[in-house]
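Notes follow the structure.
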Amino acid sequence: YYYMAQSYQTGPFSEGIVYCDSALRVPARNSYLLEKCKVLRGTLLRKDGNYRESIDYLTPLIAEVKNDSVRCEINRQLSINYRKKNLYDSAFYFSQAAEKLAAQINNLKYQSYAIQSMANIHSAMEEFDRALEKEVLLVELAEIIGKPSLILSNMINLTASYFDLNNPDSALFYYEKAKVLANELNDLENQSLLYTLYADYMIGQGDFQAAK
């Protein structure tokens, strides 16, 4: 049931929640999977727009779960919920808790997730310079992790952020690096996204020839 629930992470979320509930009624053989299933249920509630219900469900799990990486994810999901409700102090509290715990257990993946949450909060608050600081750190972490798709994703985010701030030199620096990596990965979707980012900026500058 848990693995069926996972297949609904892009929707319909209510059906995924039904599978989570079915999984949680089965006597647990694996406590780690049980904890992950509970977090997945809270995540699906959040994705379905039920932010308050997700918060109420996930909050008690922080003290209940035994796995630290699962606890990192709970904190991250709570941070997203509070950001969606525009409660930024609470959002920062939980993203910082997630980042601190991830650093303690030396889990770079969850540390990067938490830092991305912080960057998203700064962006929501229109603190774009502070969001950029986090996004630069994310590229550095992704390179340490050594996952090309994560490096590419973070470089694209930086490209978009610098274009938004009308800083074309920095934007084009990450654009060129991201373009090379996207070509190496044969990632057609992100190649198209990069072209769109570049073209939209050039059109906004009135340079229609460069946008072609």
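The values are calculated or read from the model by the stated rules, or taken from the named source; none is laboratory data. Worth saying up front: this structure is predicted, and the values here are computed from it rather than measured. FYI the Cβ positions are ideal-geometry reconstructions off the backbone, even for glycines, and counts take in every protein chain you see. Each accessible area value is taken on the protein alone, full model and side chains, heavy atoms only, with ligands, DNA and RNA left out. Shrake-Rupley method; radii C 1.70, N 1.55, O 1.52, S 1.80 Å.
Brief remarks on what is shown
- Accessible surface, segment 107-169, averaged per residue in Å² (probe 1.4 Å): 47 Å²
- Relative contact order of segment 1-92, pairs being alpha-carbon contacts under 8 Å that are 6 or more residues apart, as %: 21 percent
- For the chain, the longest principal axis of the alpha carbon atoms and the long axis of helix 13-25 meet at an angle near 30°.
- Between N157, N106, N81, the Gaussian network model of the chain with springs among Cα atoms under 10 angstrom shows the greatest mean-square fluctuation at N106.
- Cut-off of 10 Å, at most 15 other beta carbons, DSSP loop: longest stretch of the chain lacking such GluC sites (Glu not before Pro): 1-125
- Mean ellipticity per residue at 222 nm, deg cm²/dmol - from DSSP H runs of n ≥ 4 across the chain, formula -39500 (n - 2.57): -26000 deg cm²/dmol
- Computed from Cα atoms, the angle from the helix 68-84 axis to the main principal axis of the chain rounds to 60 degrees.
- Taking label points 7 Å from Cα along the Cα-to-Cβ direction, A124 and K66 give a separation of 3.3 nm.
- Per-residue extension of 0.36 nm, minus the Cα-Cα distance of N183 and T10, leaves a gain of 59.6 nm for this segment.
- Of the solvent-accessible surface of segment 55-212, computed with a 1.4 Å probe over protein heavy atoms with every protein chain present, carbon and sulfur atoms account for 49 percent.
- The candidate values are (1) 17.6; (2) 19.2; (3) 18.7; the one derived from this structure for Kirkwood radius over Cα pairs in Å carries the label (3).
- Of all aspartates and glutamates in the structure, the ones whose alpha carbon falls short of 17 Å from that of K47, not counting any fewer than 8 places away in one chain, are E15, D21, D56, E73.
- Put a dot 7 Å past the Cα of K100, heading toward its Cβ, do the same for E133, and the two dots end up 1.8 nm apart.
- Overall form of segment 51-120 per C-alpha gyration tensor (a/c, 1.5; a/b vs b/c): oblate
- Net length available on complete extension from L108 to K147 is 12.9 nm, with 0.36 nm assigned per residue and the Cα-Cα distance removed.
- C-alpha center-to-center spacing [segment 1-66, segment 73-143] in angstrom: 21 Å
- Mean Cα-pair separation over length for the chain, i.e. relative contact order, pairs under 8 Å, 6 or more apart, %: 9 percent
- 0 to 90° range, to nearest 10: angle between helix 31-47 axis and the chain longest Cα axis: 60 degrees
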